[in-house]
Amino acid sequence: MTLYRDDAVVLRTWKLGEADRIVVLMTAGHGKVRAVAKGVRKTRSKFGARLEPTSHIAAQFHEGRELDIVTQAESIDHFPALREDLDRLTRAVTMLEAVDQLALEGEPNPRLHRMLVGALTALADAPGDAPLVAPAFFLKVLDLEGFRPEVDACVECGEVIDLVAFDLESGGVLCRDHRRGLPLSIEALDLLQAILGGKLGDALAQPSSPATHEVERLSTAAVEHHLERRLRSVTVLDRA
């Protein structure tokens, strides 16, 4: 079997048999990887603890016919701040779920991997509740996928003022004369333009507000529209 090493983020896991675990990871150089971690449920080893969702690891794999085998995992960042805060953890899991749906097995996507690591780091390090980290991640991922929402001018007529709505089917904002879809406040529009217009840091520094909640709902709807499915973890966040 071929041996390889890669930088990876654990997206999700589930049990296999009595002692093993299947681990889905977003790697830097091999795209999404499904691998078996053998025997990790028999002992309380550090190896098994490093293979939990959100963990950023340096891993070693053996290639297999159907599933690879993860044989080593060294922690790069365990993101304890995420695990100690249910709200942050839930937001992190929504990002993991989106990447799991977007990434293709065996197809490298280093930019998506870097974006995920950066978003998890920002969410863990933020001094406040960081309401826009996950929404900004969703919008940036759509941009990466070639589906950047138009937020600077009406998608129907090109008008740049009096933008009052966002339509998922049209892929962007609409002026008052062509409005349909979701209503959009001027404050939320400003945040969308900051996120996608090179002022991400300014947007992420914003405290929780009606506008940040609006952007959160809109960005989630946009990424779900692109995926053509709901994000299961969002329902948990909605109830939090």
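Here is how the numbers come out for the structure above:
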quantity: Spatial separation of Cα centroids for the range 146-165 and the range 183-199, in angstrom; calculated: 11 Å
quantity: Inverse of mean 1/r across different Cα pairs in the range 3-78, Kirkwood, Å; calculated: 11.9 Å
quantity: Mean separation of Cα contacts under 8 Å (6+ apart) over length of the chain, as relative contact order %; calculated: 16 percent
quantity: Rel. contact order, % - alpha carbon contacts under 8 angstrom, at least six apart, the range 1-105; calculated: 28 percent
quantity: Inter-label distance for residue 72 and residue 228, nm, one decimal - labels placed 7 Å from Cα along Cα-to-Cβ; calculated: 4.2 nm
quantity: The chain: Rg to Rh, with Rh as the Kirkwood radius over Cα pairs; calculated: 1.03
quantity: Pairwise Lys count, the chain - Cα closer than 18 Å, eight or more residues apart or different chains; calculated: 5
quantity: Protection proxy ranking, peptides 14-25, 94-105, average beta carbon neighbours within 10 Å, highest first; calculated: 94-105, 14-25
quantity: Spacing of the two label points (7 Å from each Cα toward its C-beta) at residue 4 and residue 143, in nm; calculated: 2.9 nm
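Laboratory data are not the source of any read-out in this text; all were calculated from the coordinates shown. None of the values given here were measured: they were computed from a predicted structure. Neighbour counts run over all protein chains shown; Cβ positions are idealised from the backbone, glycine included.
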